[in-house]
Amino acid sequence: MKVQAPIKVDRKTKRLAKRLTGGEIAVINHVDIDEVAANSLVEGKIKLVINAAESISGRYPNKGPGILTENNILIIDNVGEELFHNLTEGQIIEVIDGNIYRDGELLGNGEVLGKQEVSEKLKKAYENLSVELDRFIDNTIDYAKKEKGFILGEVEIPHVKTNYANKHVLIVVRGQDYKQDLSTIISYIEEMKPILVGVDGGADALLEFGYTPDVIVGDMDSVSDEALKKAKEIIVHAYTDGRAPGLKRVNDLGLDAIVFPAPGTSEDIAMLIAYEYKAELIVALGTHSNMIDFLEKGRKGMASTFLVRLKIGAKLKMKYIWALIATALFPILIIASFTPSVKQFIHLMQLKIKFLLQM
């Protein structure tokens, strides 16, 4: 294996992905590459990944490395911090079978991960999953004891301009399958006109589909300036002590923002705000919804996410199951317009769907 190309370097993969133009080598420092990060690198049409950290640590079966290798992108793994700091963006390097050269000088080396190597490491990770899950559950319980005030009214919800009352709210997180999800519910967006909430990079996902976010919620580390300038309202997620690093970026753009100090993730507070301000229905796309999602997030416990979902569960619809039902019923509706005997059945189905939406 021999690859020669210019490099792009960044500790944060999502930040690096924005600068990719195609044909580069991505140099990252990312333990357990997650699905979203891997997809962003694939979209950047890179030639190779050099990772200073372990792409698969073995704690749990993370999906990112498999996505990269399935797209014929090899990983030079665990090359170390020293080499990472010795590489400067824009330099042209040459990689030969795991050895990394610059101007003929050997800088270091790493393990080459292809499909087979990734498969073997993931197999071991699956074997370790029960241990990691036990640790995750213990951490979650500890954090839940500390963060229960988040949903018991002890955390003050800031006053917002957006009127959520009795409206549908669509919350978009740039997570698993978010593009496919958005494509699926375009008809719902057009018909119901929900309040559009982008969680950090989720705001850019809405722009990509031609929609302007009504609200952007997040720490502002992965949303574009364009999205911030177009949004009607910005809510900066701050640490519980009030520190809000993302606020400076917003202010530097000449924009105003509301600061919300709270534990948990930005998607948690986006849901909680919609719930507390009496949204009729909350539809969430790309959010954390399974065990691997939570483990990939990397925050010990993720307790607030569980607590928020417990509180707002009756109003929260993950993804778009009811939209699929409506789509499946479309041919039947056509038949019904010509077949009187079917009309009563259709009416009963409409009542059933309405009942499901109000659950």
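The values are calculated or read from the model by the stated rules, or taken from the named source; none is laboratory data. Note that the coordinates shown come from a computational prediction; the quantities given were computed from them, not determined experimentally. Because the Cβ atoms are built from the backbone with ideal geometry, glycine has one as well, and the counts that use them run over all protein chains shown. With ligands, DNA and RNA removed, areas are computed over all heavy atoms of the protein, side chains included. Shrake-Rupley method; radii C 1.70, N 1.55, O 1.52, S 1.80 Å.
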Worksheet item: Are there any strands (runs of 3 or more DSSP E) wholly within the stretch 27-103 with 3 or more residues that are open to solvent by 10 Å² or more (accessible area, probe 1.4 Å), and if so which?
Response: 92-96, 99-102
Worksheet item: Scanning for something of a type outside the set (D, E, K, R) and open to solvent by 60 Å² or more (accessible area, probe 1.4 Å), does the stretch 207-215 turn up at least one residue?
Response: yes
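Each row is one residue, and each column tells you yes or no for (1) at pLDDT 95 or above; (2) outside any helix (DSSP H, G or I).
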| site | (1), (2) |
| --- | --- |
| Val169 | no, yes |
| Gln176 | no, yes |
| Ser183 | no, no |
| Tyr211 | yes, yes |
| Val217 | yes, yes |
| Ala227 | yes, no |
Practice prompt. Pairs only if they're at least six apart or on different chains, beta carbon under 9 angstrom, first in the stretch 112-129 and without any contact (Cβ under 8 Å) to a residue 60 or more places away in the chain and open to solvent by 30 Å² or more (accessible area, probe 1.4 Å), second among the polar types (S, T, N, Q) and part of a helix (DSSP H, G or I); list them, first residue then second.
Written response: Lys115/Thr69; Gln116/Thr69; Glu117/Thr69; Ser119/Thr69
Practice prompt. Would you check if Val118 is among the β-branched types (Val, Ile, Thr) and in a helix (DSSP H, G or I)?
Written response: yes
Fill in: Set Ile7, Ile50: member being farther than 19 Å from Thr69 by Cβ and touching a residue at least 40 places away in the same chain (Cβ under 8 Å)
Ile7
Worksheet item: So which residues in the stretch 55-76 are over 21 Å from the mean Cα position of the chain (by Cα) and closer than 26 Å to Arg135 by Cα?
Response: Gly58
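Please go through the stretch 207-264 and pick out each residue that is of a type in the set (Asp, Glu) and more than 24 Å from Lys18 (Cα to Cα).
Across the stretch 207-264, the qualifying residues are Asp241, Asp256.
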Worksheet item: Do we find that Leu106 is assigned to a strand (DSSP E or B) and either open to solvent by 20 Å² or more (accessible area, probe 1.4 Å) or touching a His at 6+ places or on another chain (Cβ under 7 Å) (or both) in this structure?
Response: yes
Discussion item. Here's a check for you: in the stretch 263-279, which residue that is assigned to a loop (DSSP other than H, G, I, E, B) and within 19 Å of the chain's Cα centre (by Cα) is surrounded by the fewest Cβ atoms within 10 Å (Cβ to Cβ)?
Written reply: Pro263
Worksheet item: Among the candidates Val236, Val197, Val250, which residue alone is crowded, with 20+ Cβ neighbours inside 10 Å, at pLDDT 95 or above and in a helix (DSSP H, G or I)?
Response: Val250
Worksheet item: Scanning for something among the charged types (D, E, K, R) and touching a residue at least 12 places away in the same chain (Cβ under 8 Å), does the stretch 198-205 turn up at least one residue?
Response: yes
